[in-house]
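Engineer: Below is a structure I'd like to ask you about.
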Amino acid sequence: MSAKSVLRAVDKNKYDVTMIGISKEGRWLLAKDSAKALQSTEVTGTDLAPVMLNYSADRTLMALDSDSFGEILEGSIDVFFPILHGPFGEDGTIQGLLELAGSAYVGSGVVGSAVGMDKEVMKRVFRGEGLPQLDYLVVSRRRWRAEAPAVRAEIEAKFTYPVFVKPASLGSSVGVCKIHSADELAAGMNEAASFDTKVVVEAAAPASREVECAVLGNDFPKASILGEIVPGNEFYDYNDKYIDDNSQLIIPARVSEATSDRVRQIALDAFTAVGAAGMARVDFFVGKDDEKIYLNEINTIPGFTPISMYPKLWDATGIGYSELIDKLIELALERHRDRQQTRTAL
Ligand SMILES: Nc1ncnc2c1ncn2[C@@H]1O[C@H](COP(=O)(O)OP(=O)(O)O)[C@@H](O)[C@H]1O
Ligand SMILES: [Mg+2]
């Protein structure tokens, strides 16, 4: 949906767009007629050609099917716009491939993407910067499986229920569980551990608003006005995000001006701390009564439909959807030019 929205809004007089889809198996598919491919929900094989990125030379896309193997299907790609969420999209892996190809791309580089994706490393980096966050504990899946009673004792010594458990590197609330009491702990840990080798156990935020800030820029990033998510379910889980659609977006967030200023500054600090670039959405919990601020996470590839929080926040701040896409591409080119000036040998 995000890709479809970007394709629709991108300035076609300025940019010549080539669509690449990635199948669940990791296969790259070139949509010859990209607009059509995105319109139909059931894209048939004939519309899609398997391709690979020639990263060793000229950033061309080459055919992978047996008849025309190696034939160049698309000329050199100047800028990639990864509109991908989660592992192999948002975590620095595809960014690494694009680095090898010597290509410009929208958003964070390898380090910013990888740190933003791994909640344990992200939290450690935030802690190093003195940014406020909830207490947490990281448990490896192997340890949980080997010594569950000791892990349980450790969790119960450190926290009182409810706690949240989450896979360290996933997103979209997949595998995130709210544990209300001791008898739910094992099931929640097992669920989170089925999605990752590390599980983050975290204190539940005291009665809070979920507040989000959009950041845009490279070395001199800017923070948007704030938005608020009112979950339709007990928390903002997968169903609430993508299926039930009962949650509400409120812009601006219902917090005082002083708190808003503070949140925006922390969002910028978080962006810089993980080494993000281009764009990110930084998410917070803000106490309903005391407006106490806890940084929750940074998302280096936020949702990108016109009704997603990231573009909505920029729209409310004065940058419309098409202009935002344009700015992101400019930022990608700027960063690429900057990095090209770096020496890689003596
Ligand atoms: N410590 C917490 N206290 C209260 N709610 C939480 C906490 N952690 C997560 N949540 C809820 O779960 C949702 C998903 O958790 P989050 O850490 O943002 O993971 P993801 O990366 O999957 O989005 C949040 O938007 C929030 O509604
Ligand atoms: Mg989240």
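The values are calculated or read from the model by the stated rules, or taken from the named source; none is laboratory data. Being a predicted model, the structure only gives us computed values, none of them experimental. No Cβ is skipped: glycine too gets one built from the backbone with ideal geometry, and neighbour counts run over all protein chains shown.
Engineer: Quick check, is Asp283 within 10 Å of ligand 1 (Cβ to nearest atom) and modelled with pLDDT of 95 or more?
Structural biologist: For Asp283, the condition - within 10 Å of ligand 1 (Cβ to nearest atom) and modelled with pLDDT of 95 or more - is met.
Engineer: Same structure, new question: Applying the selection to segment 1-33, what residues are closer than 17 Å to Asp65 by Cβ, in contact with a strand residue (DSSP E or B) (Cβ under 8 Å, 6 or more places away or on another chain) and assigned to a loop (DSSP other than H, G, I, E, B)?
Structural biologist: Hits for segment 1-33 are Ser23, Arg27, Lys32.
Engineer: Kindly list the number of the only condition in (1) within 24 Å of Tyr242 (Cβ to Cβ); (2) modelled with pLDDT of 95 or more that fails for Ser172.
Structural biologist: (2)
Engineer: Which residues, taken from segment 271-293, are within 20 Å of the chain's Cα centre (by Cα) and away from ligand 2 (no atom under 13 Å from the Cβ)?
Structural biologist: Once the filter is applied, which keeps residues that are within 20 Å of the chain's Cα centre (by Cα) and away from ligand 2 (no atom under 13 Å from the Cβ), segment 271-293 yields Phe271, Thr272, Ala273, Val274, Gly275, Ala276, Ala277, Gly278, Met279.
Engineer: Condition (residue is assigned to a strand (DSSP E or B) and over 20 Å from Ser169 (Cβ atoms)) applied to segment 302-315: is it met by at least one residue?
Structural biologist: No: zero hits.
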